[in-house]
C-alpha cells in the first residue's frame, strides 16, 4: 500500500508545472529553507508563498483524482 501511495505522490509531483515543482521539491524533498529557495530561484518570499500554495493544491487535487485521501498517508 505504501509503495502505491508513493508512486501516486511521485506522479503528482511530476505533473506540477516546472517552477512549482522546483519550489516544492526544494522545500519538501531537499529540506531547504525559505531563504535558500528564494535565493536559488531568484524570487521573493511572497512569490514563494504563492508557488507553494499552488503546488500543494495541485498535489491535493492530483491525489484526490487518483482516489488517494491525504489523511490516509500520515
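The values are calculated or read from the model by the stated rules, or taken from the named source; none is laboratory data. Model, not experiment: these values are computed from the prediction. Glycine also receives a Cβ, built like all others from the backbone with ideal geometry; neighbour counts cover every protein chain displayed.
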Open item on the list: Being in a helix (DSSP H, G or I), in contact (Cβ under 8 Å) with a residue 24 or more places away in the chain and farther than 17 Å from residue 65 by Cα is the requirement here; does residue 40 meet it?
Closed with: no
TODO: Find all pairs meeting these conditions: Cβ atoms under 6 angstrom apart; at least six residues apart or on different chains; first residue within segment 1-28 and assigned to a loop (DSSP other than H, G, I, E, B); second residue buried (at least 18 other Cβ atoms within 10 Å of the Cβ) and at pLDDT 95 or above.
DONE: 16/55; 16/58
Open item on the list: Among (1) more than 22 Å from residue 3 (Cβ to Cβ); (2) not in a loop (DSSP other than H, G, I, E, B), there is one condition residue 32 misses while meeting the rest; what is its number?
Closed with: (2)
Task: Residues satisfying the stated conditions in segment 50-73, i.e. modelled with pLDDT of 95 or more and out of contact with any helix residue (DSSP H, G or I) (no Cβ under 9 Å at 6 or more places or on another chain) - done: 50, 53, 57
Open item on the list: Consider segment 43-65. How many of its residues are assigned to a loop (DSSP other than H, G, I, E, B) and surrounded by 14 or more Cβ atoms within 10 Å (Cβ to Cβ)?
Closed with: 1
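Scan segment 35-74 for residues that are more than 14 Å from the chain's Cα centre (by Cα) and closer than 26 Å to residue 4 by Cβ and report the count.
10
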Task: For residue 14: the one exception among (1) within 19 Å of residue 64 (Cα to Cα); (2) touching a helix residue (DSSP H, G or I) at 6+ places or on another chain (Cβ under 9 Å); (3) surrounded by 11 or more Cβ atoms within 10 Å (Cβ to Cβ) - done: (3)
